[in-house]
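Below is one structure, written out as structure tokens, with a few remarks after it.
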Amino acid sequence: MLSILVANIKGGVGKTTVATHLAAAFAATGRQTVLADVDRQKSSLGWLARRPVTATVIAALDWTREIGSVPKGTEVLIIDAPAALKAKDVEQLVAEADVVVLPLLPGAFDEQATERFLKRLEELKPIRKSRKAVAVVGNRVRARTRAADRLDTFLGTVGHRVVTRLRDSQAYPDAAAAGLTLFDQKAKRLADLRQDWAPLIAFIEDPS
């Protein structure tokens, strides 16, 4: 089973957007995919409840009270973590994962919180010994802006693989409102946005 943890201690960085898109991307390949929601806001579970019956099937796990077992036959597990994780929760969730995906937005507050979270991750032996990969993802990036330039400068200092930058687009909230992702829509106008995800998916498949 391939297990992916989407986490950052900063709220509002797009963890659920990343988690739902990864779940839909892997489900589209025919693999039995499960999305576990650890956040008590239950955003991922709400998204799954809105998901049309015609869309690819993604199973739901409610881990908002405790981390439970994973259904037999699961091929891909996506874990949507809450912000403000306690140290013991970080350790437990990292233990469940093969890869940690860490999204952040352009901005000083996000960069500051992300730096703290990376330091916390690096205290864990599996991360420190490079037994588990960390993929840093710039989210809602607007090209040719000062914020994007500052983000690039910051990302150059994090000491972990910056896998991709996801462009800002109204397509994301529009899809989320319908329980969908860009991977559930075949419109050509979304092709470039979907392509932003290719480096992340490739890294998850082979983080070496």
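The values are calculated or read from the model by the stated rules, or taken from the named source; none is laboratory data. On a predicted model such as this, the values are computed, not experimentally measured, just so you know. Neighbour counts are summed over all protein chains in view; Cβ atoms, including those assigned to glycine, are modelled from backbone coordinates with ideal geometry. When the accessible area is computed, the model is the full protein with side chains, heavy atoms only, and any ligands, DNA or RNA have been set aside. Shrake-Rupley method; radii C 1.70, N 1.55, O 1.52, S 1.80 Å.
Some values worked out for this structure:
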{"quantity": "Relative contact order for the range 1-119, counting Cα pairs under 8 Å that sit 6 or more residues apart, in percent", "calculated": "45"}
{"quantity": "Mean accessible surface per residue for the chain, computed with a 1.4 Å probe while every protein chain stays in place, in Å²", "calculated": "50"}
{"quantity": "Accessible surface of the range 51-208, 1.4 Å probe, proportion on carbon and sulfur as whole %", "calculated": "49"}
{"quantity": "Total charge dipole magnitude, the chain, about the Cα centre, Cβ charges on Lys, Arg, Asp, Glu only, Debye to nearest 20", "calculated": "240"}
{"quantity": "Set of lysines with alpha-carbon distance to K132 below 24 Å, sequence-local pairs under 8 removed", "calculated": "K10, K15, K72, K86, K88, K119"}
{"quantity": "The range 2-205 shape via C-alpha gyration tensor axes, a/c threshold 1.5", "calculated": "oblate"}
{"quantity": "Segments 7-17, 25-35 sorted - mean Cβ within 10 Å per residue, highest first", "calculated": "7-17, 25-35"}
{"quantity": "About the Cα centre, charge dipole magnitude for the range 1-112 (Lys/Arg +1, Asp/Glu -1 at Cβ), debye", "calculated": "320"}
{"quantity": "Where GluC sites (Glu not before Pro) in DSSP loops with at most 15 other Cβ within 10 Å are excluded, longest remaining stretch of the chain", "calculated": "124-208"}
